[in-house]
Amino acid sequence: MAILEHFVGVSVVDIVKYFVVGVILYQATVTIYSLLFHPLRHFPGPLLQGATSIPYVLRNARGYQAFHTQKLHDVYGPVVRIATNHLSFTDPIAWKDIYGHRLSSSGTDTTDELKKTSEMMKSKQFSVSMEDLSTSIINAPREEHSRLRRALSHGFSDASIRAKEAKITRLVDVLIQRLKEECSKNAAKEGTKAFNMESWYNWATFDIIGSLVFGESFGCLQSAEYHPWIEFITRGIRFGAILSALSYLGLRWVVSIIYRAGGARAFANTRRSTDVTVRNRLKSGEPREDLFEAMVKKREEFNMSFEKLSGNAVILVLAGSEMTATTLSDVLQKLNHEVRSFFSSVDEITIASVNQLTYMLAVLNETLRVYPPVTSHLVRIVPAGEEQIAGHFIPGGTLVEVQQWSTNHSKDNWLGNKLEALQAFSVGPWNCIGRNLSYAEMRLILARIIYHFDMTLAEDSERWIERQKSYALWDRIPLNVHLTPIK
């Protein structure tokens, strides 16, 4: 230290003082700019969240951000500045403005005809954790995403899902049989054990999507145990929120260090399990009528590496299982009369026949409103220039989103009966491709569960939704339900 002082002429204490003063001045300058000169300064919201993004990041990392944002909308209205450069909307019009194709003047004739242009792109802070990782259908560039989506679209069509009904029904029957076996064990012990239906629904949907993607179940229902992939989801939800928070603050280099230090190993363990499943699927050599076949056929045309093929398999399985399991876990309303009066035998309960259960569809849609599988983080970046969103002109570079939790719980939308506000599967070119599959599974599973069992919510599962955290995806807790088989 003495040597440093000798050559520089400044003491270490002075250097520390200058550094601290510099940090304070920098933060003060940023705060003044954010509040007085930033392009979003006129939008309503708390002063602190307009001055710095730290409050948003902290709530996001702790799993409270979506709920807090909804409260802000209750106070400030349909558009709120939730961070320095970030706006949240609850106006239903914003769905198409943000996630649909943008329209611009063609400039080719005097009629000023409108033509479709590219959509707003996803924010990398929420969609790409590491720049050098293989992309998938969920975060691929626009052209690659379009190719993958076109290849998969037929497999997720309504006609294709109906063609796979036998596979789906077989595994739903396994769910019913396993629950009946557990009920028999419970009765033999004269116990009153409640069943964690959150787990059973997750096992069922995971086995179903495994069968549809790879042609074979993961065996979760038979073993009544979680597959390593599901465990990876559970562990990764909170960890991913922390990485997203760091990325949001511009600390992607820190994310890179954390990933290489330990995150890569955790991800590698899951990928190894995936790779084995994908290799076994490819070794068969025979065409299969599963959801993965389209990618296998297009592999050479798309120049798709094995790593990218395996990565997309993970997305298909995780999205296909999580979306449906999340919705089913909150469906506790008594639909006994509609189901049991409509069907005279369990064989009548099919994908086609459950479509006629109008009250069940209303219950499922209300469940998607009250408990959306994705609460937030569908963040887009306004392109250069400016765009009009729900009647507001938004400058280029702004982060914008419609948070499903806030939109679904908005008094303006709910009491105003604005059904177009409910978009559980999003809209536009990036909307969820598995909508048909999800609805088919939800209706079929729920109808058969109600046909076979009376259900009563356990006392320890009261206020189930309110006691959970959300990191865009729910950090679900056990949903304990008492089941009584119908004789």
Karplus couplings for the range 203-208 from phi (6.51 cos²θ - 1.76 cosθ + 1.60, θ = phi - 60°), rounded to Hz, Gly and Pro as x? 4, 5, 5, 5, 5, 5
Could you estimate the translational diffusion coefficient of the range 352-420 from the Stokes-Einstein equation, with Rh from the Kirkwood formula over C-alpha pairs, at 37 °C and 0.692 mPa s, in whole µm²/s? 228
Could you list 341, 34 in order of exposure, starting from the residue whose Cβ has the fewest other Cβ atoms within 10 Å? 341, 34
All alpha-carbon distances of the range 354-487, grouped into 5 Å bins from 0, give the whole-percent distribution 2, 8, 13, 17, 19, 16, 10, 6, 4, 3, 1, 1, 0, 0
Fewest-first ordering of 295, 121 by Cβ atoms within 10 Å yields 121, 295
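Give the order of 300, 366 when sorted by the count of other beta carbons within 10 angstrom, beginning with the fewest.
Neighbour counts put them in this order, fewest first: 300, 366.
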So what J values fall out for the range 406-418 if you push phi through Karplus, 6.51 cos²θ - 1.76 cosθ + 1.60 with θ = phi - 60°, rounded to Hz, Gly and Pro as x? 5, 5, 5, 9, 5, 5, 4, 7, 5, 6, x, 6, 8
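Ranking request for peptides 347-357, 213-223: highest mean number of other beta-carbon atoms within 10 Å first, then the rest in descending order.
So the order, starting with the most tightly packed, is 213-223, 347-357.
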Residues whose placed amide H lies under 5 Å from that of residue 195, excluding near-sequence neighbours: 481, 482, 483
Residue 386's amide H: which non-local residues (gap 5+, or another chain) put their own amide H closer than 5 Å, with H modeled 1.01 Å from N in plane and none for Pro or chain starts? 396
Flagged links, alpha-carbon separation over 30 Å, of 167/297; 283/469; 122/298; 164/469; 164/297: 283/469; 164/469
Net charge near residue 148 (other residues with Cβ under 15 Å of its Cβ; Lys, Arg +1; Asp, Glu -1) is +3
Taking θ as phi - 60°, what are the ³J(HN,Hα) couplings along the range 352-364 by the Karplus curve (6.51, -1.76, 1.60), each to the nearest whole Hz, with x for Gly and Pro? 6, 6, 5, 5, 8, 7, 5, 5, 4, 4, 4, 5, 5
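Taken together, the values in this text are just the output of simple stated rules run on the coordinates, not laboratory data. Since the structure is predicted, the reported quantities are computational estimates derived from the model, not experimental observations. Reconstructed Cβ throughout: ideal geometry from the backbone, glycine too, with neighbour counts over all protein chains shown.
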